[in-house]
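The values are calculated or read from the model by the stated rules, or taken from the named source; none is laboratory data. Since we're looking at a predicted model, the values are computed, not measured. Every residue, glycine among them, receives a Cβ derived from its backbone with ideal geometry; neighbour counts consider all protein chains shown.
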Amino acid sequence: MTVQTDTQPDPTRKIIEECKRETQIRYKSKGNTFFRARMRGVNSIQVGKSKIIDSPLTITLEWIFQKYRRLRKAQRRFAAELFPRHPELPVGHRDSRLVGRIVFAGDRGQGPPIHNLHLEFWGRTHWFAWRKISEGRTDAKGCFALPFPLRAARNLSMRSLSLEIQKTTRVYFKDDGDDAPHFHFDLFKAIPVAKSDLIGLDYNLRTIPLDYWLYDPSAVTPRAVVDNSESPETYSQGREDALIEQIIPLEITKIKHLKQIELAPDTLTIEDIENDYPLNLTRCIEKRLSGYTRGDDWFGERMMNGMNRGSFVPDAARPGHYWIRYFGVCWYDINDLYALPDVAILFKLKDDGLPIPLEIRLTGKLSRSDHDPFHTRVFSPADGDAWLQAKRVARVTGAFCTEVEEHFAGTHLNTEQYAVAAYRNLRLNPVAGLLLPHLKEVSLINHTADKELIGGYIPTATALTRAGLQQRTRDILGLQDWRGWRPMEAISPAHTCAKAESLFWDVLGKYVDEFFRRHEDGIKRHWGEIQRFADDLVTHSVPVFLTAPQDAVRPRYRELAAERLNYYSQQYEFDPHLPRETIHGELKTVSRITTASTYGAAPPLDWQNLKQACRYIIMQATYMHTWINEHQYDDLGEVRYSCGGLRFGDRPSGIMAPESDNDIAPDLTRSTQMLWFTNFLSRTEYGFITRNEERDVNPLLIRLLKERCEEFKALEVDIEAIESRTNI
Ligand SMILES: [Fe+2]
């Protein structure tokens with residue numbers, strides 16, 4: 001059923017708005033009860049059966065363990081109060097020095113130097129009192145020389161000595177509304193120093209390699225080394241708690257389904273599975289307005305303002321007509337179970353500014369018996385059932401591309417490359433206070449995604465294999481650059497998604513400008529850190545899309561490759577013609593912010609480069625990620641409506657079949673896993689800009705955002721739901 005929005009705004013819009021309100025996720029704590037099932041942490045989450053703790057005995061043991069951990073923490077706090085670390089340095093002639101050099105651990109133990117690391121030289125007396133002997137930091141070459149009085153270190157009362165290397169663990173802002181960032185340091189590594197070895201002059205600790213925010217040499221994109229035993233960062237307790245609290249009911253539902261599928265699959269249907277999860281937007285509308293979500297109006301509205309936030313390319317010949325493209329399997333590694341054809345959709349703008357589809361072109365295999373990957377079929381509203389089926393195929397390819405390309409590559413992987421470079425290099429420069437709150441935890445959630453999404457669910461629920469997904473996400477990262485990026489342009493007054501994006505970009509522009517104005521001196525004084533940051537970004541950047549040798553790109557695909565580059569350039573606001581650096585034969589995607597090691601040597605443009613890069617990084621890590629993440633549940637919360645992949649089935653019609661055909665729909669296991677994933681990802685958000693749960697968001701950004709609250713509300717964006725970081 002097609003319902004014209006422009007002729008009946010009232011009852012239909014009313015139902016849509018009511019359903020949006022009814023299914024809107026509210027992030028509230030449900031409180032705690034002793035025997036509530038629980039999990040140990042984010043790492044316990046699995047697409048199969050997560051490690052859930054539900055037996056009363058285990059819960060009690062876990063409770064005892066938690067109490068023990070708390071007691072240990074309290075004991076440490078008590079010891080710290082009992083034996084305070086006074087900051088005063090000893091008096092006396094500083095006749096000795098502790099010297100050495102700190103580098104990132106490399107393949108052969110010699111990575112690049114680590115600059116501006118804060119170091120403290122401490123002694124502990126026989127009665128456990130702390131005595132600070134010296135402090136300082138590494139220089140640009142990673143070298144340090146901490147002067148100290150030999151007598152203070154060799155004092156008879158001194159029992160042990162150690163060099164402590166500190167790391168920045170978090171940024172915070174004080175409650176008084178002051179917008180100056182403060183840094184919290186924690187001990188990263190303590191190196192014992194033998195008292196008897198100190199004999200005067202210099203004591204050389206030589207080169208110290210640190211496993212500190214290392215790049216993962218086995219990853220195909222710039223990633224941090226994260227393993228469960230040693231991670232460069234950890235989740236905050238609040239983040240862990242919020243996730244675990246929300247996921248338990250979903251986890252129990254999924255486990256129940258998996259058990260039922262194992263024991264009596266005939267007793268379960270896709271509809272049963274859906275009914276066990278919370279109601280989502282499309283199912284809510286369907287209940288009250290049957291057929292509407294399969295109609296042309298809803299299709300156009302969601303392609304424009306839904307999770308997909310489609311990129312509308314004007315049709316050269318027809319004003320008011322636009323094309324959206326989703327690229328299917330292309331030349332990536334695929335399985336033979338799922339279809340993923342290319343999709344091109346022609347839209348016309350209606351009088352109300354929303355798009356309505358006129359034509360859908362599907363190119364590629366639609367059934368097992370198809371063998372020509374370049375065969376195109378054209379569908380229009382006159383095709384009846386085939387038109388409905390073509391729209392479903394378009395939704396599915398669109399959902400796949402949005403999740404894999406825009407969500408995972410465009411926000412998660414993109415943000416992580418900035419996170420690694422920032423944590424490795426920004427310590428004294430105020431830009432650390434600007435960026436780090438928005439970059440934390442992304443390395444951790446990406447590590448979980450590698451295991452459960454890229455290596456787990458997606459290869460079993462879509463056409464691409466794990467290798468195919470890795471190739472594809474690396475290619476898409478080759479289109480993400482800060483230089484020249486700007487938000488999507490609205491093509492009509494109803495293009496609220498693009499308008500809200502511009503509004504947030506505007507807020508960030510004002511925020512970054514003001515931050516740079518207030519911290520101008522510090523940013524200029526510690527410009528060397530910006531150069532190192534820029535160096536790491538460019539050196540580790542992936543190559544520009546399709547510029548690396550692609551053995552798999554056969555001549556027939558070259559035209560497709562050109563079409564992809566052309567379309568993606570608009571979608572990701574990427575200019576492939578900008579001058580970029582070539583390193584070891586690779587044309588690097590991320591533009592260089594600066595080559596100068598001092599501000600005085602930098603051309604004026606570099607100041608603008610840094611501002612644009614900061615604005616872009618915060619934009620991707622906050623707003624762009626939030627948009628897709630929270631709308632997953634709206635647009636991927638009904639299995640037959642949309643999913644990551646339709647199966648070919650065994651009939652010649654393949655995926656061009658009704659929604660009721662269980663042979664092409666996701667199977668029961670994939671159905672419950674999909675709903676579990678979309679609910680889990682959308683419902684467990686934590687770390688919102690305005691809530692500022694961890695006092696790590698700059699009050700200035702909160703104020704600027706709140707000032708525009710009504711404008712966002714008019715565009716259906718709740719500023720309270722915008723995350724401050726990509727951590728789910
Ligand atoms: Fe996400």
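Taking (1) over 30 Å from residue 726 (Cβ atoms); (2) in contact (Cβ under 8 Å) with a residue 12 or more places away in the chain in turn, residue 384 satisfies each apart from (2). Taking the range 182-214 as the range and being over 26 Å from residue 124 (Cα atoms) and in contact with a Ser or Thr (Cβ under 9 Å, 6 or more places away or on another chain) as the test, only 213 passes. Under the condition of being more than 15 Å from residue 449 (Cβ to Cβ) and either among the aliphatic types (A, V, I, L, M) or within 12 Å of the ligand (Cβ to nearest atom) (or both), the residues counted in the range 417-427 number 4.
Restricting attention to helices (runs of 4 or more DSSP H) lying wholly within the range 649-728, give those where 2 or more residues are more than 16 Å from the ligand (Cβ to nearest atom) and under 18 Å from residue 624 (Cα atoms). Please lay out each step first, then the result.
Working: elements: 668-683, 699-707, 709-714.
Ranges flagged: 699-707, 709-714.
For residue 162, the criteria (1) surrounded by 12 or more Cβ atoms within 10 Å (Cβ to Cβ); (2) outside any strand (DSSP E or B) hold in every case but one, which is (2). Checked against (1) in contact with an Asp or Glu (Cβ under 8 Å, 6 or more places away or on another chain); (2) assigned to a loop (DSSP other than H, G, I, E, B), residue 140 passes all but a single condition, namely (1).
Within the range 176-194, being within 20 Å of residue 101 (Cα to Cα) and either touching an Asp or Glu at 6+ places or on another chain (Cβ under 9 Å) or part of a helix (DSSP H, G or I) (or both) holds for 187, 188, 189, 190, 191. Among the residues of the range 446-468, not one is hydrophobic (A, V, I, L, M, F, W, C) and within 20 Å of residue 540 (Cα to Cα).
What residue, among those in the range 440-467 that are more than 14 Å from the ligand (Cβ to nearest atom) and crowded, with 22+ Cβ neighbours inside 10 Å, is nearest to residue 547 (Cα to Cα)? Going through the qualifying residues, I end up with 464.
For (1) over 24 Å from residue 457 (Cα atoms); (2) modelled with pLDDT of 95 or more; (3) of a type outside the set (S, T, N, Q), each residue gets a yes or a no:
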{"site": "581", "(1), (2), (3)": "yes, yes, yes"}
{"site": "589", "(1), (2), (3)": "yes, yes, no"}
{"site": "596", "(1), (2), (3)": "yes, yes, yes"}
{"site": "601", "(1), (2), (3)": "yes, yes, yes"}
{"site": "610", "(1), (2), (3)": "yes, yes, yes"}
{"site": "623", "(1), (2), (3)": "yes, yes, yes"}
{"site": "626", "(1), (2), (3)": "no, yes, no"}
{"site": "631", "(1), (2), (3)": "no, no, yes"}
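Taking first residues from the range 627-639 that are closer than 20 Å to residue 392 by Cβ and partners that are near the ligand (Cβ under 10 Å from one of its atoms) and not small (Gly, Ala, Ser), the Cβ contacts under 7 Å between residues at least 6 apart in sequence or on separate chains come to 632/681. When the test is whether a residue is over 17 Å from residue 700 (Cβ atoms), at pLDDT 95 or above and in contact with a Lys or Arg (Cβ under 7 Å, 6 or more places away or on another chain), residue 501 does not pass it.
When only residues in the range 370-416 that are among the polar types (S, T, N, Q), farther than 14 Å from residue 476 by Cα and crowded, with 24+ Cβ neighbours inside 10 Å count, which is farthest from the ligand (Cβ to nearest atom)? So that I can check it myself, show each step before the final result.
Taking the range 370-416 and keeping what is among the polar types (S, T, N, Q), we get 376, 380, 389, 397, 402, 411, 414-415.
Checking the rest, the ones that are also farther than 14 Å from residue 476 by Cα come to 376, 380, 389, 397.
Checking the rest, the ones that are also crowded, with 24+ Cβ neighbours inside 10 Å come to 389, 397.
Values: 389: 30, 397: 20 Å.
Checked the range 370-416; the qualifying residue farthest from the ligand (Cβ to nearest atom) is 389.
Pull up the range 445-470, narrow it to residues that are among the β-branched types (Val, Ile, Thr) and in a helix (DSSP H, G or I), then point me to the one that is farthest from residue 666 (Cα to Cα). Step through it out loud before you land on a result.
So the first thing to find is which residues in the range 445-470 are among the β-branched types (Val, Ile, Thr), and the list is 445, 448, 454, 458, 460, 462, 465.
Okay, now just the ones that are also in a helix (DSSP H, G or I), so 445, 448, 454, 458, 460.
Working: 445: 26, 448: 23, 454: 18, 458: 12, 460: 10 Å.
In this case the residue turns out to be 445.
Listed here are the residues, each with its yes/no results for (1) part of a loop (DSSP other than H, G, I, E, B); (2) surrounded by 19 or more Cβ atoms within 10 Å (Cβ to Cβ); (3) within 16 Å of the ligand (Cβ to nearest atom).
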position: 590; (1), (2), (3): yes, yes, no
position: 594; (1), (2), (3): yes, yes, no
position: 606; (1), (2), (3): no, yes, no
position: 609; (1), (2), (3): no, yes, no
position: 621; (1), (2), (3): no, yes, yes
position: 625; (1), (2), (3): no, yes, yes
position: 629; (1), (2), (3): no, yes, yes
position: 632; (1), (2), (3): no, yes, yes
position: 641; (1), (2), (3): yes, yes, no
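When restricted to residues that are touching a Gly at 6+ places or on another chain (Cβ under 6 Å) and of a type in the set (A, V, I, L, M), the range 488-521 contains 1. Just one of (1) surrounded by fewer than 18 Cβ atoms within 10 Å (Cβ to Cβ); (2) of a type in the set (Val, Ile, Thr); (3) farther than 15 Å from residue 208 by Cβ fails for residue 99. It is (3).
Right, residue 170: surrounded by 14 or more Cβ atoms within 10 Å (Cβ to Cβ), of a type outside the set (A, V, I, L, M, F, W, C) and closer than 18 Å to residue 91 by Cα or not? No. Is there a residue in the range 474-483 that is in contact (Cβ under 8 Å) with a residue 40 or more places away in the chain, surrounded by fewer than 20 Cβ atoms within 10 Å (Cβ to Cβ) and either away from the ligand (no atom under 16 Å from the Cβ) or part of a strand (DSSP E or B) (or both)? Yes, some residue in the range 474-483 is in contact (Cβ under 8 Å) with a residue 40 or more places away in the chain, surrounded by fewer than 20 Cβ atoms within 10 Å (Cβ to Cβ) and either away from the ligand (no atom under 16 Å from the Cβ) or part of a strand (DSSP E or B) (or both).
Going by the conditions given, is residue 358 modelled with pLDDT of 95 or more, aliphatic (A, V, I, L, M), away from the ligand (no atom under 16 Å from the Cβ) and farther than 27 Å from residue 667 by Cβ? Even if it seems obvious, please write down each step before you answer.
On the way: modelled with pLDDT of 95 or more: yes; aliphatic (A, V, I, L, M): yes; away from the ligand (no atom under 16 Å from the Cβ): yes; farther than 27 Å from residue 667 by Cβ: yes.
Criteria met by residue 358.
Within the range 250-268, the set of residues being surrounded by fewer than 17 Cβ atoms within 10 Å (Cβ to Cβ) and without any contact (Cβ under 8 Å) to a residue 60 or more places away in the chain comprises 256, 259, 262, 263, 264, 266, 267. Among the residues of the range 228-248, those identified as in a loop (DSSP other than H, G, I, E, B) and touching a residue at least 40 places away in the same chain (Cβ under 8 Å) are 228, 231, 232, 233, 234, 235, 236.
Residue-level check: of (1) touching a strand residue (DSSP E or B) at 6+ places or on another chain (Cβ under 6 Å); (2) aliphatic (A, V, I, L, M); (3) part of a helix (DSSP H, G or I), residue 561 misses just (1).
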